[in-house]
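The values are calculated or read from the model by the stated rules, or taken from the named source; none is laboratory data. As the structure is a computational prediction, the values presented were derived from the model and not from experiment. Counting neighbours? That spans all protein chains shown, and the Cβs are built from the backbone with ideal geometry, glycine included. What goes into the accessible areas is simple: the full protein's heavy atoms, side chains included, and nothing from ligands, DNA or RNA. Shrake-Rupley method; radii C 1.70, N 1.55, O 1.52, S 1.80 Å.
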Amino acid sequence: MQWLDLPHVQRAQGNVRLPGSKSISNRILLLSALAEGTTMVSNLLESDDTGRMLDALRLLGVAIVRTDDGKYRVAGCKGKFPVREAELFLGNAGTAFRPLTAVLALMQGHYRLSGVPRMHERPIGDLVDALRQIGAVITCLEHEGFPPLEIHPAVIRPGNISIKGNISSQFLSGLLMALPLTGEPVTIVVSGTLISQPYVALTIAQMARFGVQVKQESWQRFMLPENQTYRSPGKIAVEGDASSASYFLAAGAIAGGPVRIEGAGSDSCQGDIRFVEALEAMGARISMGSDWIESGAPDGRALKAIDFDCNHIPDAAMTLAIMALFARGTTTLRNIASWRVKETDRIAAMSAELRKLGARVEAGDDFLRITPPDGPLTANAVIDTYDDHRMAMCFSLVSLSVSVRINDPGCVAKTFPDYFEKFAAITHTPF
């Protein structure tokens, strides 16, 4: 489908069962593959990104079977992939590319990792430099600091590692998941401010489910004790995706509600669950249980503009940029520098598409300032999505004000293949 026309809808109301978290799904798949024992994984996200990880692990010799009831049986390889030479195509899946780079650098094998053109524009130099500090031999095949990569057999000398923290938390997460394979004590020191800290906390939490502990000091020092190995927990369930929840919760806050999402709530270990703090600051009505959240519009009032530090919710923060169109005043989203190196340059892309709707936008290296138009939003705007799933899902919310066309809606397959069906269900529109 080249485009999707969304009609203007008056109200959003209903319940949505969330798909599994992409971030948790790919972490659990990799840890299950590295563990001793067999792991039965339920509620795994079915998407392009998890498909890339599954394909890669199978090429590396990991036995993975999808059962009739939709679960995945992963036979762990005790920290050593059986295949020592492989070419892996990982699309634009950063949650597969970054940790696999770290793990394969320690495997004493010969591997080539590549992706789509956009992945080759996304920096990976800080991770490569960190791995080289302990003896990894990695070649950047086109441009230094960027994929595609070639990994060669190497003598790894575990020791202290320094890594920058201001580009992507996935670099640190990849190191944390890989380094226990050495069996040696390692300390990772982060230079500068670590962005997206909740995603690192998520990594540490998943590692603990497989029996490996990480000690951290002020998000600057991370210590891995010696002689730790991954062991299967037997059965493990993937929590619902908190980033995906943001679109439905925003719809409830904009268009009456109530909208309830199921699969993530107050017990969530995902940082994006804190999106509800921004909703409450804007005036939305929020209620929450251990595994559900419900949102509704303010009683008789408009949503309020906010000035918000988004470091802890880098993905869900994109939804706030659309909510700014429905708020009174100017909304400022801060600490979003990581948007520049995502599936597209999201600061530039969001700025361009918001202006099509009549918004006034000021963009900087790490902020976005959005003022809605004085009158209605521009109807029938044609929104480009830049092969970025979150652009498509975010801008669907514009239909709560005016009709809108979404180009390349199929890009949502990266993380949420049936997103538009579920959005149609709560807006009660045909799809």
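Remark: spin-label model distance Glu36-Glu262 equals 4.0 nm, labels positioned 7 Å along the Cα→Cβ axis. Of all DSSP bridge pairs formed entirely within the chain, close to 65 percent run antiparallel. Once you sort the root eigenvalues of the Cα gyration tensor of segment 331-415 as a ≥ b ≥ c, which label holds: rounded (a/c under 1.5), prolate (a/b larger than b/c) or oblate (the other case)? Oblate. Averaging the sequence gap over all C-alpha pairs within less than 8 Å and six or more residues apart, then dividing by the number of residues, gives segment 1-134 a relative contact order of 21 percent. Given their separation in residues at 0.36 nm each and the Cα-Cα distance between them, Ser290 and Glu142 gain 48.5 nm when the chain is fully extended. Projecting label points 7 angstrom from Cα along Cα→Cβ for Arg360 and Ala302 puts them 1.4 nm apart. Between Arg334, Arg221, Arg98, the GNM of the chain built on Cα springs shorter than 10 angstrom shows Arg221 fluctuating the most. Here the accessible area of the chain is 48 percent carbon and sulfur, with a 1.4 angstrom probe and all protein chains present. From the square roots a ≥ b ≥ c of the eigenvalues of the alpha-carbon gyration tensor of segment 1-60, which class results: rounded (a/c under 1.5), prolate (a/b over b/c), or oblate? Oblate, because a/c is 1.5 or more while a/b does not exceed b/c.
In the complete set of protein chains, residue-level accessible area for His143 is approximately 120 Å², probe 1.4 angstrom. Summing charges over neighbours of Gly252, with a neighbour being any other residue whose Cβ is under 11 Å away from its Cβ, gives +2 when K and R count +1 and D and E count -1. Net charge dipole, segment 297-353: roughly 140 debye, given to the nearest 20, about the Cα centre with Cβ charges of +1 for Lys and Arg and -1 for Asp and Glu. Largest first, the residues Tyr111, Tyr386, Tyr199 sort by 1.4 Å accessible area into Tyr386, Tyr199, Tyr111. Taking all protein chains together, Trp339, Trp3, Trp292 sort by accessible area into Trp3, Trp292, Trp339, largest first [probe 1.4 Å]. Seen through its C-alpha gyration tensor, with square-root eigenvalues sorted a ≥ b ≥ c, segment 1-138 comes out oblate because a/c lies at 1.5 or above while a/b is not bigger than b/c.
Inter-label distance, Thr378 to Asn227: 6.6 nm, where each label sits 7 Å from its Cα along the C-beta direction. Taking all protein chains into account, the per residue accessible area for segment 336-431 stands at 35 Å² (1.4 Å probe). Not counting ligands, DNA or RNA, and with a 1.4 Å probe, what is Lys80's accessible surface area in Å² rounded to the nearest 10? Roll a 1.4 Å probe over it and Lys80 shows about 100 Å². The gain in end-to-end length when the Thr429 to Glu217 segment is fully stretched comes to 71.3 nm, 0.36 nm per residue minus the alpha carbon separation.
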